[in-house]
Amino acid sequence: MIAFEHVGKRYGGRFEALAHLNFRVARGEMVFLTGHSGAGKSSLLRLIMRLEKPSRGRVVVAGHDIAQLHASQVPFYRRQIGVVFQDHQLLFDRSVFRNVSLPLEIQGLEPREAARRVRAALDKVGLLYREKALPMELSGGEQQRVGIARAVVNKPALLLADEPTGNLDPQLSADIMALFEDFNRIGTTVMIASHDLALIARLRHRILRLRDGRLVADERAV
Amino acid sequence: MKRAATPRPTGAAPSKRHAAKVPAEPPAARSGARSQQTRFSSRLRAWGRHHRAMALDSLYRLIRHPMGNLLTMLAIAIALVLPAALWLTLDSAKLLDAELDESATLTIYLELSVDASQATRIEEAVVADEDVAQTRLITPEQGMAEFQQSLGLDDTLAGLEDNPLPTSIVIYPQSVEPTAIKQLAVRLETFSGVDEVRVDLAWVERLRHLADLGRRVALALGVLFGFGVLLVVGNTIRLAVESRRREIEVVMLIGATHAFVRRPFLYSGAWYGVGGGLLALGLLGLGNHWLAMPVAALAASYGANFVLPQLDVTGSTILLSCSTLLGWLGAWLAVTRHLASIRPR
Ligand SMILES: Nc1ncnc2c1ncn2[C@@H]1O[C@H](COP(=O)(O)OP(=O)(O)OP(=O)(O)O)[C@@H](O)[C@H]1O
Ligand SMILES: [Mg+2]
């Protein structure tokens, strides 16, 4: 599903955020990405989303070198990836419901079908009863869950999450991770960047460890 | 409804381009002519739905901040009113022109020694000329009467014993073409008994040149003020884009096309244009009402029957379409220029 081939990423010419990345993620796999702050986790995910292009090497997703995508194709590519952002990226002037329905709106899904899917997604993250609330009225953890609902509402084949449990208490974190595992079980490829080493270790999935932009360990679950 | 003038596939519009597919469903679900067909029509419906939603959404945003938006529309209206009013005036000047053509005449003054019967003979000779349509003989007595009347000086001139005026013939030519009239004048001068031929064409021509100049000025003003409308709308939309920058970044992060992002702003621009156009029509009507009385009085004092022209249905439609189009275009330029600088973070 995802292949990094000798990928390097420089910001502003000199600073090397990522270097010599080589790995593959198979279809239907669930992978954790970890490393210290500034190790390059977000940068790696941004490369997959094609928010950045690699300075060196190739990023291949579903058999396509995504650097080759024409600018007009990029939106259609992005629609097929569900992303939970480190900073939520919610719109604060619309309700939880409308935030979650945004990807479906962009795709032009018929409103009744869209509403059904939005409610299903909100139900999964346990926020159905807050659908009319504004994001401002929610706690940080609840906002995070709205972001997750938005990422999965579209039933993407690939799910990327950047610190999805950053603001959650341990119990809720475990619940959210279980949710990701549910999606993984029905065939979704899942890649999660996280600091929460204890939680990750417990879950027994593959772990990619970054340090200063380099892949220092690729631990397969036993 | 308008489509963004861009070759890019729109938000939900049918498109032949495919991004790298990350297949979520088995390929079988995507094949088959029928499912292609339904996909196409459902996409078309989705596209129409988004247009409708954005048209209403942008209208709602406009109404929510009536004051600022009204000022923008007023600026557009003012920019449109000036060239439109000038054009209208010139259009009515054209009607006046026709009236002037009718009144284009030559006057020949006969020598003082010519008596009444000679004068009649000369008039007959003049009528025989193929370029002459009609003539009117004015005897010295008639001339004096008209003169006195026009000056309102009955008593003063009544004291004159000798009538100093010559017999004159007013000639209405067949053609109002300046060169034809000049040739006619040259011919008439050779007639015996003719003292002087006076052609009063200079002012007719001057008026024509003036009208021509006016039309060019109106056109130039139209183009200039059209740019003004573009700038006004462009600036307003630029601010709107800036204030919704965050939203734009987010929707682009999750796969919105440029056309999708642009759409609500294009509708805003078009609404500004519609509002500005309607206001301009209102202002023109108001101006007409305001000026009608004095203009009619002025025209009457010249013995002319002239009413201020009003924009008819066609004219109003043209004005409204132009302003709508300008608003849309201004928005398009502003959004397109601005979108290039917005990259999702
Ligand atoms: N747009 C950018 N321009 C310049 N440098 C950048 C940019 N984005 C990231 N960096 C740098 O690249 C390095 C990796 O950043 P990245 O956000 O990928 O780290 P991270 O592993 O996600 O960290 P955290 O756990 O704090 O989120 C950092 O040193 C950061 O300063
Ligand atoms: Mg990060």
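The values are calculated or read from the model by the stated rules, or taken from the named source; none is laboratory data. All values derive from a computational prediction rather than experimental measurement. All Cβ positions, even for glycine, are placed from backbone atoms using ideal geometry, and neighbour counts span all protein chains on display. Please note that ligands, DNA and RNA were not included when accessible areas were found on the heavy atoms of the full protein model with its side chains. Shrake-Rupley method; radii C 1.70, N 1.55, O 1.52, S 1.80 Å.
The table for this structure:
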quantity	calculated
Mean residue ellipticity (222 nm) of the protein assembly as shown, computed from DSSP H runs ≥ 4 via -39,500 (n - 2.57), nearest 500	-18500 deg cm²/dmol
Cα convex hull volume per residue for the protein assembly as shown (Å³)	221
Solvent-accessible area per residue for the range A:174-222 (1.4 angstrom probe, square angstrom)	53
Loop-resident sites, the range B:290-345, for chymotrypsin sites (Phe, Trp or Tyr not before Pro), counting at most 15 other Cβ within 10 Å (DSSP)	B:Y302
With DNA, RNA and ligands ignored, accessible area of B:S58 (1.4 Å probe; Å², nearest 10)	0
Extreme residue, positive dipole direction of the protein assembly as shown, given options A:I81, A:L91, B:G276 (C-beta unit charges)	A:I81
Residue-level accessible surface for B:L311, protein heavy atoms, 1.4 Å, Å²	60
Cβ-placed point charges (K, R +1; D, E -1), dipole of the protein assembly as shown about Cα centre in debye, nearest 20	7400
Packing-based ranking, highest mean first, of B:220-228, A:185-193 given that Cβ atoms within 10 Å are counted	A:185-193, B:220-228
Total accessible surface hidden between B and A, rounded to 100 Å², 1.4 Å probe	2900
Estimated distance in nm for a label pair at B:L210 and A:R204, the labels positioned 7 Å out from Cα along Cα-to-Cβ	10.0
As computed over the range B:227-345, the Cα convex hull volume per residue (Å³)	98
Charge-dipole axis of the range B:105-199 as Lys and Arg at +1 and Asp and Glu at -1 on Cβ define it, positive-most pick from B:V176, B:P166, B:I108	B:V176
Protein accessible area in the range A:41-150, 1.4 Å probe - carbon and sulfur %	50
Principal-axis tilt of helix A:170-185 within chain A, Cα atoms, nearest 10 degrees	80
B:Y60, B:Y272, B:Y267, A:Y11, reordered so the largest accessible area comes first (probe 1.4 Å)	B:Y60, A:Y11, B:Y267, B:Y272
Protein accessible area in the range B:105-199, 1.4 Å probe - carbon and sulfur %	50
Per residue solvent-accessible surface (Å²) - the range B:176-276, probe of 1.4 Å	48
Rounded to the nearest 20 debye, dipole of the range B:105-199 from Cβ charges on Lys, Arg, Asp, Glu	320
Cα gyration tensor, the range A:122-216 - rounded (a/c under 1.5), prolate or oblate	prolate
Accessible surface ranking that places the most exposed of A:S95, B:S321, B:S92 first, with a 1.4 angstrom probe	B:S321, A:S95, B:S92
The range B:105-199, relative contact order in percent, only Cα pairs under 8 angstrom and at least six apart counted	50
Residue-averaged beta-carbon neighbours from other chains (10 angstrom radius) around A:101-107	6
Those trypsin sites (Lys or Arg not before Pro) in the range A:91-183 that DSSP places in a loop and that have at most 15 other beta carbons within 10 Å	A:R94, A:K132
Those trypsin sites (Lys or Arg not before Pro) in the range A:1-60 that DSSP places in a loop and that have at most 12 other beta carbons within 10 Å	A:R14
Cα shape, the range B:105-199, gyration tensor, a/c 1.5 rule	prolate
Straight-distance crosslink candidates among aspartates and glutamates, where the alpha carbon sits under 12 Å from A:K53 and sequence neighbours closer than 8 are dropped	A:D65
Residue-level accessible surface for A:E105, protein heavy atoms, 1.4 Å, Å²	60
Occluded residues from the range B:235-272, i.e. those whose accessible area drops by 40 Å² or more once the chain is not alone (1.4 Å probe)	B:R246, B:E247, B:V250, B:L253, B:I254, B:G255, B:F260
Cα point-scatterer Debye curve for chain A, base-10 log of I(q)/I(0) at q = 0.12 Å⁻¹	-0.64
